[in-house]
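A short reminder: the numbers here are calculations on the coordinates, not readings from a lab. These numbers come from a predicted model, not from an experiment.
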Amino acid sequence: MNVVQRLTDNRFFRFLVTGALNTTVTFGIYFLFRQIFDYQMSYFLSFLCGVFFSYFLNVYFVFNTHVSIKTFIRFPFVYIAQYIFGALLLELLVQVLGVSVTFAPLFVIVFTLPLTFLLSRFVLSKF
């Protein structure tokens, strides 16, 4: 088995790739919302968009499962946990550590990634 095939067979690698795509899209949405709203509102709105986009990416590409009402309803709870942790971390990064409101969400994503993978795996697959 070659390296590329091993990587594409690895769920966590697929999670990282789809996460990078979702991050890029969500960051773009965050940037657009920053033209209108403050950073917390922009983070919230872009986060919601990212949850829905992430659901479909995870269902089809990461966990190779099917869309269902049950997982569609449960999946946002993964992101409620991530959002609470992320919003608190965002506030710490911006207000305490002085990280730019433009780039602070990228740090939030890095720190919440393991939590999100484990919770998503729990909701969408049988391990």
Original post:
How high is the relative contact order of the chain, given as a whole-number percent (alpha carbon pairs under 8 Å, six or more residues apart)?
Top reply: 27 percent
Original post:
Extension gain residue 102-residue 74, at 0.36 nm per residue separation less the Cα-Cα distance, in nm?
Top reply: 7.1 nm
Original post:
Between region 86-127 and region 23-77, what's the alpha-carbon centroid distance in Å?
Top reply: 13 Å
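Give me the Å³ per residue figure for the convex hull around the C-alpha atoms of the chain.
That works out to 103 Å³ per residue.
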**OP:** Would you grab the residues whose amide H sits under 5 Å from the one on residue 99? Only those 5+ places off in sequence or on another chain, please, with H modelled 1.01 Å from N.
**Re:** 94
**OP:** Divide by every residue of the chain the summed helix terms, -39500 (n - 2.57) for each DSSP H run of at least 4, and state the resulting mean residue ellipticity at 222 nm, rounded to the nearest 500 deg cm²/dmol.
**Re:** -25000 deg cm²/dmol
Original post:
Taking θ as phi - 60°, what are the ³J(HN,Hα) couplings along region 42-53 by the Karplus curve (6.51, -1.76, 1.60), each to the nearest whole Hz, with x for Gly and Pro?
Top reply: 4, 5, 4, 5, 5, 4, 4, 4, x, 4, 5, 4
